[in-house]
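Worksheet for the structure shown next.
None of the figures in this text is laboratory data; all of them are computed from the coordinates on show. None of the values given here were measured: they were computed from a predicted structure. Cβ: placed from backbone, ideal geometry, glycine included. Neighbour counts: every protein chain shown.
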Amino acid sequence: MTLDDLVIAAIVPCYNEAPAIHKVVTDLKQAVPGIHVYVYDNNSTDGTDDEARRAGAEVRYEHTKGKGNVIRRAFGDIDADVYLMIDGDDTYDAAAAPEMIRTLLEGPYDHILGVRQDDPTSTAYRPGHEAGNRMFNRVVGRLFGTPVSDMLSGYRVMSRRFVKSFPALSREFETETELTVHVMNLRVPHTEVPVGFRDRAAGTESKLNTYSDGFKILSLIAHLIRFERPVLFHGIIGALFAVVGIVLAIPLFIEFGRTGLVPRFPTAFLAASLMVIAFLTWILGFVLEGVTRLRRETSRLNYLTYSAPGAAQRRLPTEHSAPESATPSEIASRTIGRDEPGSTPAR
């Protein structure tokens with residue numbers, strides 16, 4: 001299996017990256033001959049689309065602002081064997097693309113994360129971004145059980161089955177966090193490759209705000225904990241109600257043990273109500289855990305309807321084989337009820 005046998009698509013989200021986009025497209029085409037470069041213009045006003053066309057990219061448009069909206073549109077519209085995602089600001093080393101793609105195919109893996117290796121003599125990291133990234137790496141790694149070195153990296157290589165099973169619900173810069181959590185939830189084969197990282201091209205400016213986008217990412221992490229770790233989320237909330245209820249009840253139990261009387265009925269009623277709420281919250285967490293498990297199983301089955309990276313060309317067709325993109329119901333319809341050799345058809 002060689003790179004020439006595969007359809008490789010590069011997705012480059014852009015907003016006002018005219019000074020850098022020509023070099024990004026040119027570097028990608030030089031690094032990976034035959035790659036299809038799709039530049040998604042996200043309401044640029046500086047001629048980014050014209051520069052991308054001149055460099056040989058196919059320019060598409062997403063008018064709803066936000067990187068997450070661009071990725072959702074691109075993943076839905078583009079069909080390829082291998083997907084490469086890279087920012088259009090020329091901060092990532094395009095020369096690392098062949099190694100990332102080969103690593104994906106040789107694994108085979110479904111997701112390759114480009115871990116940024118900063119040049120200490122000309123740092124491209126703002127202090128707030130670097131500290132925030134380290135914190136998010138630790139938090140997400142602990143919560144979802146898989147260590148990650150650079151979850152906010154915008155340089156990734158992905159398989160078709162990974163992309164087509166990714167829901168892409170985020171709107172803005174939270175999309176990298178969502179991609180990372182998707183890797184952890186589906187437990188797809190994944191590895192990391194170090195990539196060069198440099199300062200932005202002259203004339204461009206970062207669209208990432210350290211504080212506002214940091215809070216958006218924290219909000220997304222809390223949202224993902226709620227839906228992906230419901231026992232943990234509801235367990236913590238239930239524990240808070242239970243602690244308050246116990247603190248209120250302790251003096252009442254002490255007084256009841258001494259006198260045989262309940263001195264403050266409103267407090268007793270409040271403590272009992274809080275404990276009931278705590279138990280209901282815990283039960284809700286366990287119920288939602290079952291729903292989450294079912295959703296993950298459905299996502300996993302959808303993921304398994306596609307071949308492993310590079311396997312479609314190697315697979316031998318059979319008489320009853322389903323197409324690579326067949327849905328689970330179509331596969332079932334081809335399989336269930338099929339007459340066995342030598343059997344008598346049902347009447």
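Points worth noting:
- Normalised by the number of residues in segment 1-68, the average gap of Cα pairs under 8 Å and 6 or more apart makes the relative contact order 36 percent.
- Partners for LYS216 among lysines (Cα-Cα distance below 17 Å; same-chain residues under 8 apart left out): LYS65, LYS67, LYS207
- Length added when fully stretched, VAL231-ASP46, from 0.36 nm per residue minus Cα-Cα: 61.8 nm
- Modelled spin labels at ASP199 and ASP79, positioned 7 Å past Cα toward Cβ, are 4.5 nm from each other.
- Cα gyration tensor shape for segment 1-84, rounded if a/c is under 1.5, else prolate or oblate: oblate
- Placing unit charges on the Cβ atoms of the charged side chains and taking the dipole of segment 3-225 about its Cα centre, the candidate lying farthest along the positive direction among ALA18, GLY68, MET85 is GLY68.
- In terms of other Cβ atoms within 10 Å, ILE112, ILE11 run from fewest to most in the order ILE11, ILE112.
- Prolate/oblate/rounded label for segment 230-304 (Cα gyration tensor, a/c 1.5): prolate
- FRET efficiency, GLU289 to LEU240 (Cβ-Cβ, R0 22 Å, nearest 0.05): 0.70
- Ordering of 166-178, 134-146 by packing [mean C-beta count within 10 Å, highest first]: 166-178, 134-146
- Legend: calculated FRET efficiency, ASN302 to GLU255, from the Cβ-Cβ distance at R0 = 51 Å, rounded to 0.05, equals 0.30.
- Using the Cβ-Cβ distance between SER149 and LEU270 with R0 set to 35 Å, the FRET efficiency from 1/(1 + (r/R0)^6) comes to roughly 0.15.
- Net lengthening on full extension, THR191/LEU218 (0.36 nm per residue, minus Cα-Cα): 7.3 nm
- Tensor-based shape of segment 3-225 (alpha-carbon gyration tensor, a/c under 1.5 rounded, otherwise prolate or oblate): rounded
- Karplus 3J(HN,Hα) series, Hz, for segment 66-71 with 6.51 cos²θ - 1.76 cosθ + 1.60 (x for Gly, Pro): x, 4, x, 5, 5, 5
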